[in-house]
1. Between Gln56 and Gln36, what is the spin-label point distance in nm, taking each point 7 Å from the Cα along the Cα→C-beta axis?
2. Which of the lysines could a cross-linker bridge to Lys137, judged by Cα under 23 Å and excluding same-chain residues fewer than eight apart?
3. Report the label-to-label distance for Gln70 and Ala184 in nanometres (one decimal), using points 7 Å from each Cα along the Cα→Cβ vector.
4. Just report the Cα centroid separation between segment 140-155 and segment 170-218, whole Å.
5. How far is it, in nm, from the label point at Leu107 to the one at Gln25 when both lie 7 Å from their Cα along the line to the Cβ?
6. For segment 1-124, just say rounded, prolate or oblate: build the C-alpha gyration tensor, square-root its eigenvalues into a ≥ b ≥ c, call rounded for a/c under 1.5, and beyond that prolate if a/b exceeds b/c, oblate if not.
7. Provide the gained length on full extension for the span Met1 to Asp198, in nm with one decimal, where the gain is 0.36 nm per separating residue minus the Cα-Cα distance.
8. Please determine, in degrees from 0 to 90 and to the nearest 10, the orientation of helix 119-130 with respect to the longest principal axis defined by the Cα atoms of the chain, where the helix direction is its Cα long axis.
Amino acid sequence: MATTWVACHQPNFLPWLGFFAKLAQADRFVLLDDVQFPRTSRGTYTNRVQLLIGGQPAWLTVPIVREGVQRIREVRIDDRQPWRRKALRTIEMNYARAPRFEETMPLVRELLEYETDRIAVLNEHAIRRLAPEHAHKLVRQSELPPSDAAGTDLLIHLVRAAGGDAYLSGDGADGYQEEPKYAAAGLGFRLLGFAHPDTGAPPGLSIVDALMRGAVAR
């Protein structure tokens, strides 16, 4: 009987290549939209990502409305600021000479102009459009049975709730995953093992950079 691998991740903003590698390798991918949005002043990968700006990695940020403790699905975009127009202009100015600019920019414009006031909705729409062949794997945490568990126990619950029997973990989680718990729960476990390809740019940038360069196909 084949193993059903489940991965879990916050719905990030225009994610990096490692995010899409995990989506590609998973059988089901839970978007963690029902966990708390971190209460930090700078934001997180849920509302910002790095691109090459002026030749150096720099943050492209979606401003949000902070209203105390919020779940990711509750976080609203602050469209009182003209961030969409500014973000598009920034990308155009810095990638106009990129090999695949003409093919990629219309999609980027569509993603940034998508009409919604929720960051989770904006991000999920972009993920589905950027990886349409894997979109059928996506399931929102908020649509699964709830749990009061946290950490590894929550992930075990989500694997089971999504109909899986094994957890696919991102490599960065190696330091805090309680791996023995998966075996004790009768679940398989493995790390993604992602090796960032040579795209001609520093690793960790948004997939938009790789698309502009033609370093990945879509």
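What follows draws every value from the coordinates through simple rules; no lab data is involved. Bear in mind the structure is a predicted one, so any value in this text is a computation, not a measurement. We place every Cβ from the backbone using ideal geometry, glycine too, and count neighbours over all the protein chains shown.
1. Between Gln56 and Gln36, the simple spin-label model gives 3.4 nm.
2. Lys22
3. For the pair Gln70/Ala184, the computed spacing is 3.6 nm.
4. 21 Å
5. 2.2 nm
6. Oblate, because a/c is 1.5 or more while a/b does not exceed b/c.
7. Full extension from Met1 to Asp198 adds 67.3 nm.
8. Its long axis makes an angle of about 80 degrees.
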